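Peer 1: Can you keep this structure in mind? I'll have questions shortly.
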Amino acid sequence: MRQATAVPPVHDLEALAAFVARHPRLAVLTGAGISTASGIPDYRDDRGDWKRPPPMQHQVFMASHAARQRYWARALVGFRTLQDARPNAAHQALARLEAMGHVSGVITQNVDGLHQRAGSRRVINLHGRADRVRCMGCGARRMRHDLHAELAARNPHWLEAGARAGPDGDADLEADFSGFRVPDCTRCGDGIYKPDVVFFGDSVPRATVEAAFALQAESDALLVVGSSLMVFSGFRFARAAAREGQPIVCLNLGRTRADDLYALKVEAPAEALAPLCELVVGGSPGGISRRPA
């Protein structure tokens, strides 16, 4: 396999920029790979295999108090990385392309909110947002930093724990979690707080899926950035695009589930969107030029 670098060969970028220029209404599907440059670890290696044990399952979280103790104790340590993350050049490039009229919207599998913080206006959070929590009993929502403040007050000695950050606010921490105190919902009194995200084993809300398909339907093509598409919730959009004859291009390191569906694939980190954006804006010797918004 060709060794990927921070900036792919110029001809790859020119081909990708030419594709963007030919398809001014681009739906963009992003995954964990677009946020790794912001310091947020991803789940899979370049073969699409797990780098670490799979994340929390919805059914396990809901059924087991011990699982919730483990989850929230690790989150109290690991969520700092997600909370402190800032948009990187890839997020900013997509926001700029949207402002120019080249991107009709972003469908993201990420829960970090970095697209919005970079300035993207039309973002569909396929798997929810990690900065909010929801009571699974009464539906009450609460900002996550507020819950973490309560968790810290109830479990002050856990603030001293150190561990390597994991994806989506997790941490590689193993300990005796049996004494970790997890609060019940403050509104209904006994409801279970869960991050307002789609865990593995859960389903993406129908309204969210419909909004994502509507965005894709009004677009000329699909650009996949930083996702292996190993999870069906993202792969379904590539499959639908192929079925409808909508061209698909991919910017990703390593294998993806849809490798046989792409019109073009560039093996490079998501940060290559920054020089791509410059090519689209300023043109190139090959004649690529900016389309009016």
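The values are calculated or read from the model by the stated rules, or taken from the named source; none is laboratory data. Predicted, not measured: the structure shown is a model, and the values here were computed from it. Using ideal geometry, Cβ is built from the backbone for each residue, glycine included, and neighbour counts are taken over all protein chains shown. Please note that ligands, DNA and RNA were not included when accessible areas were found on the heavy atoms of the full protein model with its side chains. Shrake-Rupley method; radii C 1.70, N 1.55, O 1.52, S 1.80 Å.
Peer 1: Are there GluC sites (Glu not before Pro) in region 146-193 that DSSP puts in a loop and that have at most 12 other Cβ atoms within 10 Å, and which ones?
Peer 2: Hits after loop and neighbour filter: 174.
Peer 1: Something else now. Taking region 129-172 as the region of interest, what is the percent of Cα-Cα pairs per 5 angstrom bin, listed from the shortest bin to the one with the maximum distance?
Peer 2: 5, 18, 20, 27, 19, 8, 2
Peer 1: With equal scatterers on the alpha carbons only and no solvent term, can you work out the Debye log10 of I(q)/I(0) for region 148-253 at 0.12, 0.18 1/Å?
Peer 2: Each listed q corresponds, in turn, to -0.68, -0.99.
Peer 1: Moving on. Would you work out the charge dipole size for the chain about its Cα centre, treating the Cβ of every Lys and Arg as +1 and the Cβ of every Asp and Glu as -1, and quote it to the nearest 20 debye? Intermediate results must be reported in sequence, preceding the final value.
Peer 2: Details: 36 positive and 31 negative charges, 110 e Å.
It works out to roughly 520 debye.
Peer 1: Can you compute the helix-only [θ] at 222 nm over the chain? Use -39500 (n - 2.57) per DSSP H run of at least 4 residues, normalise by all residues, nearest 500 deg cm²/dmol.
Peer 2: The helix-only estimate for the chain comes to -10500 deg cm²/dmol at 222 nm.
Peer 1: For a bin width of 10 Å, list the pair-distance distribution of region 97-213 built from all Cα-Cα distances, rounded to whole %.
Peer 2: 12, 34, 33, 16, 5, 0
Peer 1: Give me the angle, in degrees from 0 to 90, between the Cα long axis of helix 89-100 and the longest principal axis of the Cα atoms of the chain, rounded to the nearest 10.
Peer 2: Helix 89-100 and the main axis of the chain meet at about 60 degrees.
Peer 1: Further, regarding this structure: So how tilted is helix 144-154 from the main axis of the chain? Cα-based, degrees 0 to 90, rounded to 10.
Peer 2: Here the helix axis deviates by roughly 30 degrees.
Peer 1: Kindly provide the Kirkwood hydrodynamic radius of region 16-172 in Å, to one decimal, from all pairs of distinct alpha carbon atoms.
Peer 2: Evaluated on region 16-172, it is 17.2 Å.
Peer 1: Another question, if that's okay. What do you get for the angle between helix 273-282 and the principal long axis of the chain? Use alpha-carbon atoms, 0 to 90 degrees, nearest ten.
Peer 2: Approximately 40 degrees, to the nearest ten.
Peer 1: If you don't mind, another one. Calculate log10 I(q)/I(0) of region 54-108 for q = 0.16, 0.19, 0.30 Å⁻¹, where I(q) comes from the Debye formula with a single equal point scatterer on each Cα and nothing for solvent.
Peer 2: -0.70, -0.76, -1.12
Peer 1: Still on this structure, I have one more. Mean-square fluctuation check for the chain, GNM, Cα pairs under 10 Å: which of 220, 259, 176 is largest?
Peer 2: Evaluated over the chain, the most mobile residue of the options is 176.
Peer 1: Output the relative contact order of the chain, whole-number percent, from Cα pairs under 8 angstrom with separation of 6+ residues.
Peer 2: Relative contact order for the chain comes out at 30 percent.
Peer 1: Per the Cauchy relation, a quarter of the hull surface: what is the mean projected area of the convex hull of the alpha carbons in region 208-276, in nm²?
Peer 2: If I average the Cα hull's projected area over directions, I get 4.7 nm².
Peer 1: Indicate, rounded to the nearest 5 percent, the antiparallel portion of the DSSP beta bridges found entirely in region 141-293.
Peer 2: That works out to approximately 10 percent antiparallel.
Peer 1: Here's a follow-up. Once neighbouring chains are kept in place and the probe is 1.4 Å, which whole percent of the accessible area of the chain is contributed by carbon and sulfur? Can you show the working numbers first?
Peer 2: Details: 6560 of 12900 Å².
Roughly 51 percent of what the probe reaches on the chain is carbon or sulfur.
Peer 1: With +1 on each Lys and Arg Cβ and -1 on each Asp and Glu Cβ, and nothing else charged, work out how big the dipole of region 10-104 is about its Cα centre, in Debye to the nearest 20.
Peer 2: With Lys and Arg at +1 and Asp and Glu at -1, about 440 debye.
Peer 1: Here is a follow-up. Roll a 1.4 Å probe over the protein heavy atoms and report the accessible area of residue 62 in Å², nearest 10.
Peer 2: Accessible area, nearest 10 Å²: 60 Å².
Peer 1: Cut-off 10 angstrom, C-alpha nodes, Gaussian network model of the chain. Which of 247, 53, 269 fluctuates the most?
Peer 2: 53
Peer 1: State the percent of C-alpha pairs, over all pairs in the chain, separated by a distance greater than 36 angstrom.
Peer 2: Of all Cα-Cα pairs in the chain, 20 percent lie more than 36 Å apart.
Peer 1: What is the spread of the Cα atoms of region 184-240 along each of their three principal axes, largest first, in whole Å?
Peer 2: Extents along the principal axes: 49, 23, 16 Å.
Peer 1: With springs only between Cα atoms under 10 Å, which of 167, 54, 87 fluctuates most in a Gaussian network model of the chain?
Peer 2: 54
Peer 1: Please flag any cysteine in the chain that has no other cysteine's Cβ under 4.7 angstrom from its own Cβ.
Peer 2: 250, 277
Peer 1: Moving on. Quick one: accessible area per residue over the chain, 1.4 Å probe, rounded to a whole number of Å²?
Peer 2: 44 Å²
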